[in-house]
1. Can you name the condition, by its number, that Val3 falls short on among (1) assigned to a helix (DSSP H, G or I); (2) aliphatic (A, V, I, L, M); (3) at pLDDT 70 or above?
2. Of everything in region 24-43, what is of a type outside the set (Phe, Trp, Tyr), modelled with pLDDT of 60 or more and outside any strand (DSSP E or B)? Give them in sequence order.
3. Identify the single condition in (1) within 12 Å of the chain's Cα centre (by Cα); (2) within 19 Å of Pro28 (Cβ to Cβ); (3) not acidic (Asp, Glu) that Gln112 does not satisfy, given that it satisfies every other one.
4. From the set of residues in region 54-102 that are acidic (Asp, Glu) and in contact (Cβ under 8 Å) with a residue 12 or more places away in the chain, which is surrounded by the fewest Cβ atoms within 10 Å (Cβ to Cβ)?
Amino acid sequence: MEVTLINLHVLRLKLFQEVQKEFHERYPFLKIEFVNKTDDIWIKGLPGIDRHPDAVCLLDNDIGLTDEMTVAELENGLQDWFGNAVQVLRRIGRSWMETGKTRGWSLRLQNQQNASI
């Protein structure tokens, strides 16, 4: 039973990494992170598992990711799916900052505003 739970945990973390990667490719001035970081050691021993198609499907179909979706809507959707608090960060110069007061902005606006800084 414990092995099954560990495998499920590992696969979900691997999927989350792919979701992070796909999201960041779409919105280069934004990124998503777990609020409570999970132990990345768990996923280092899984070469050859391609979760990219699953990540695209999750973002597009399950979460309904669009440019007009707000940061808050994305965070809530990902939190519901992964069962962990998720936060969208914005890039300002070389730093990553919380979206905080701009959580109601669309992803497109958030990304555009940070691209111009």
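The values are calculated or read from the model by the stated rules, or taken from the named source; none is laboratory data. Given the structure is predicted, the values throughout are model-derived calculations rather than measurements. Cβ placement follows ideal geometry from the backbone for every residue including glycine, while neighbour counts extend to all protein chains displayed.
1. Unmet for Val3, out of (1) assigned to a helix (DSSP H, G or I); (2) aliphatic (A, V, I, L, M); (3) at pLDDT 70 or above: (3).
2. Within region 24-43, the first condition is being of a type outside the set (Phe, Trp, Tyr), and the residues that meet it are 24-26, 28, 30-33, 35-41, 43.
After this cut, where a residue has to be modelled with pLDDT of 60 or more as well, the list is 24-26, 28, 30-33, 35-36.
Listed by number, the residues that qualify are His24, Glu25, Arg26, Pro28, Val35, Asn36.
3. (1)
4. Step one: list which residues in region 54-102 are acidic (Asp, Glu), which gives 54, 60, 62, 67-68, 73, 75, 80, 98.
So of that shortlist, the ones also in contact (Cβ under 8 Å) with a residue 12 or more places away in the chain come out as 54, 62, 67-68, 75.
Working: Asp54: 17, Asp62: 13, Asp67: 12, Glu68: 9, Glu75: 18.
Checked region 54-102; the qualifying residue surrounded by the fewest Cβ atoms within 10 Å (Cβ to Cβ) is Glu68.
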